[in-house]
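Structure first, then comments.
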Amino acid sequence: MTLKETFDKAVAESRSIASKPDNETLLRLYSLYKQATEGDAPAEGPANPFDIVGRAKHEAWQGLEGISADDAMQQYVDLVNKLLGK
């Protein structure tokens with residue numbers, strides 16, 4: 001199975017995680033997914049200063065700047081497998 005196929009499978013499996021992960025883990029999943037699928041985050045975050053969740057997501061994604069798509073995919077797969085107890 002290719003890394004892309006393994007990543008797509010992990011994305012599907014992430015929806016079946018038994019208990020909801022903590023916010024830090026959810027941000028990590030989000031940012032790894034975005035880095036793997038879209039590359040580096042744009043410089044500008046949410047325009048609304050009261051969008052605290054959007055800002056947290058953007059900052060988490062920006063924290064991965066420079067990480068390759070393949071590396072982000074592998075980290076995402078590893079994290080989902082850990083959360084699923086694999």
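Taking a ≥ b ≥ c as the square roots of the Cα gyration tensor eigenvalues, with a/c under 1.5 meaning rounded and otherwise prolate when a/b beats b/c, else oblate, which class fits the stretch 20-85? Walk me through the intermediate numbers first.
Details: a/c = 3.41, a/b = 1.35, b/c = 2.52.
Oblate.
Nearest 500 deg cm²/dmol is fine: what mean residue ellipticity at 222 nm does the chain get from its DSSP H runs of n ≥ 4 alone, each adding -39,500 (n - 2.57), divided by its residue count?
The per-residue figure over the chain is -20000 deg cm²/dmol.
Label points 7 Å out from Cα along the Cβ direction at ALA12 and LYS82: separation in nm?
About 2.4 nm, to one decimal.
Between exposed GluC sites (Glu not before Pro) in the chain, where DSSP calls loop and at most 13 other Cβ atoms lie within 10 Å, what's the longest gap?
The segment 1-43 is the longest one with no such site.
Filter the chymotrypsin sites (Phe, Trp or Tyr not before Pro) in the chain to those in DSSP coil with at most 11 other Cβ atoms within 10 Å of their Cβ, and list the result. Walk me through the intermediate numbers first.
Values: sites: PHE7, TYR30, TYR33, PHE50, TRP61, TYR76; in loops: PHE50.
Counting only loop positions with at most 11 other Cβ atoms within 10 Å, the chymotrypsin sites (Phe, Trp or Tyr not before Pro) in the chain are PHE50.
Once both axes come from the Cα atoms, what is the angle between helix 3-14 and the longest principal axis of the chain, in degrees from 0 to 90, rounded to 10?
80 degrees
Hand me the tally of lysine pairs in the chain: alpha carbons under 21 angstrom apart, and the pair either on different chains or 8 or more positions apart.
Summing the qualifying lysine pairs gives 13.
If one takes the longest principal axis of the Cα atoms in the chain, at what angle in degrees, from 0 to 90 and to the nearest 10, does the Cα axis of helix 69-83 lie?
70 degrees
In what order do SER19, SER14 fall by count of nearby beta-carbon atoms within 10 Å, going from fewest to most?
Least crowded to most crowded, the residues run SER19, SER14.
Helix 23-38 versus the longest principal axis of the chain: what is the Cα-based angle in degrees, 0 to 90, to the nearest 10?
90 degrees
None of the figures in this text is laboratory data; all of them are computed from the coordinates on show. The structure presented is a predicted model; accordingly, all values stated were derived computationally and were not measured. With ideal geometry, Cβ positions are generated from the backbone for all residues, glycine too; neighbour counts draw on all protein chains shown.
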